[in-house]
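See structure below.
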Amino acid sequence: MRRMNSAKSMRGLSVSGWLVSIIAVVVFATAGVKIVPSMLDFNTVKSLINNVLSDNKIGLKSVDEISKEIDRRFLVNSITVLKAQDIKIDKVDGVLIVELDYEVRENFFENVDFVMTYKHEFKKNIR
């Protein structure tokens, strides 16, 4: 009598197993391609704002001048996801507060979107 379930006959994935594996890899790769650029833009925006705030003379500048400086750096670094006008800049009791709050929508397929929300607050003592 032959055994049908020997180790040699049960190696590897079946066709349906390979198909499911390939679909999973494609879905995650597509998601990564949609999400990663937005995350990189957010890190670049944070870095640019930190660079603007690191200026020793930032306390002497008006809110409009700070906004223009941020906008100029966005232009140089090809940041198109937001404008400096979308960033809230305030001077309160000797503290410069820059609030970053925006969201990015990326279409995944048909009517399914990724919504990424980015929030960060920068504070700098300007006394």
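Quick look at the values:
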{"item": "Reachable aspartates and glutamates, given that their alpha-carbon falls under 20 Å from the alpha-carbon of LYS124 and they are not under 8 places away in the same chain", "result": "ASP55, ASP64, GLU65, GLU69, ASP71, ASP86, ASP90, ASP93, GLU99, ASP101"}
{"item": "Cα gyration tensor shape for the stretch 38-125, rounded if a/c is under 1.5, else prolate or oblate", "result": "prolate"}
{"item": "Residue exposure sequence - THR117, THR30 - by fewest surrounding Cβ within 10 Å", "result": "THR117, THR30"}
{"item": "Filtered trypsin sites (Lys or Arg not before Pro), the stretch 54-84: DSSP coil and at most 11 other beta carbons within 10 Å", "result": "LYS57"}
{"item": "Rounded to the nearest 20 debye, dipole of the stretch 51-127 from Cβ charges on Lys, Arg, Asp, Glu", "result": "500"}
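FYI, it's all coordinate maths here, none of it is from the lab. Just so we're clear, the structure is a prediction, and the values are computed from it rather than from any experiment. Every residue, glycine as well, gets a Cβ built from its backbone with ideal geometry; the counts of neighbours run over all protein chains shown.
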